[in-house]
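A.B. asks: One structure, as structure tokens, below. Some questions next.
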Amino acid sequence: MKRERIIADVETVSDARKVEETVKTGYVEALIETLVNWIGVEEDLVSSYEHLAARQANAQAKAVFQQLAKESHENVGALTELKTSLEKLDKARISRIEQLSRMK
């Protein structure tokens, strides 16, 4: 299945730079910011679930909270890897913008 174009053909250096800057600010930076916030939520969940587990007298409830804390901790790792990948893409985007800027 063929996908429709999202942008028109880029025909000038100025157009290319505008698209690259839009991708950087509209996608990459927004995704990184979202991931940073999500990582913070998962970190807060880890500490909350650990705290809840410590307060449980019921072994089954304690185990559930410990499992949830473990899963949130694993989520932090996975999200951090995504953030690192996006930061690499952002650096590459910056390089592309700089290259286009030098072509004026």
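Just so you know, all these numbers are worked out from the coordinates, no wet-lab data involved. Keep in mind that this is a model prediction, so the values were computed, not measured. Positions of Cβ are backbone-derived with ideal geometry, glycine not excepted, and every protein chain shown enters the neighbour counts.
A.B. asks: What are the residues in the range 8-23 that are under 24 Å from the mean Cα position of the chain (by Cα) and hydroxyl-bearing (Ser, Thr, Tyr), if any? Give the derivation first.
C.D. replies: Filtering the range 8-23 for residues under 24 Å from the mean Cα position of the chain (by Cα) gives 17-23.
Result: THR22, single match.
A.B. asks: Just checking, how many residues over the range 63-104 are under 19 Å from TRP38 (Cα atoms) and small (Gly, Ala, Ser)?
C.D. replies: Looking only at that region, the number is 5.
A.B. asks: Has the range 30-48 got any residue that is in contact (Cβ under 8 Å) with a residue 40 or more places away in the chain, of a type outside the set (Ser, Thr, Tyr), farther than 30 Å from LYS70 by Cα and surrounded by fewer than 16 Cβ atoms within 10 Å (Cβ to Cβ)?
C.D. replies: At the first step, the residues of the range 30-48 found to be in contact (Cβ under 8 Å) with a residue 40 or more places away in the chain are 31-32, 35-36, 38-39.
Those left that are additionally of a type outside the set (Ser, Thr, Tyr): 31-32, 35-36, 38-39.
Then keep just the ones that are farther than 30 Å from LYS70 by Cα; that gives none.
Scanning the range 30-48 turns up no residue that is in contact (Cβ under 8 Å) with a residue 40 or more places away in the chain, of a type outside the set (Ser, Thr, Tyr), farther than 30 Å from LYS70 by Cα and surrounded by fewer than 16 Cβ atoms within 10 Å (Cβ to Cβ).
A.B. asks: Could you say which residue among ALA57, ALA53 is exposed (fewer than 15 other Cβ atoms within 10 Å of the Cβ) and either farther than 30 Å from ILE7 by Cβ or in contact with a strand residue (DSSP E or B) (Cβ under 9 Å, 6 or more places away or on another chain) (or both)? Reasoning before the result, please.
C.D. replies: Values: ALA53 fails: exposed (fewer than 15 other Cβ atoms within 10 Å of the Cβ).
Result of the check over ALA57, ALA53: ALA57.
A.B. asks: Of a type in the set (Asp, Glu) and over 18 Å from the mean Cα position of the chain (by Cα): does that describe ASP90? Show your work before the answer.
C.D. replies: Details: of a type in the set (Asp, Glu): yes; over 18 Å from the mean Cα position of the chain (by Cα): no.
So ASP90 fails the test.
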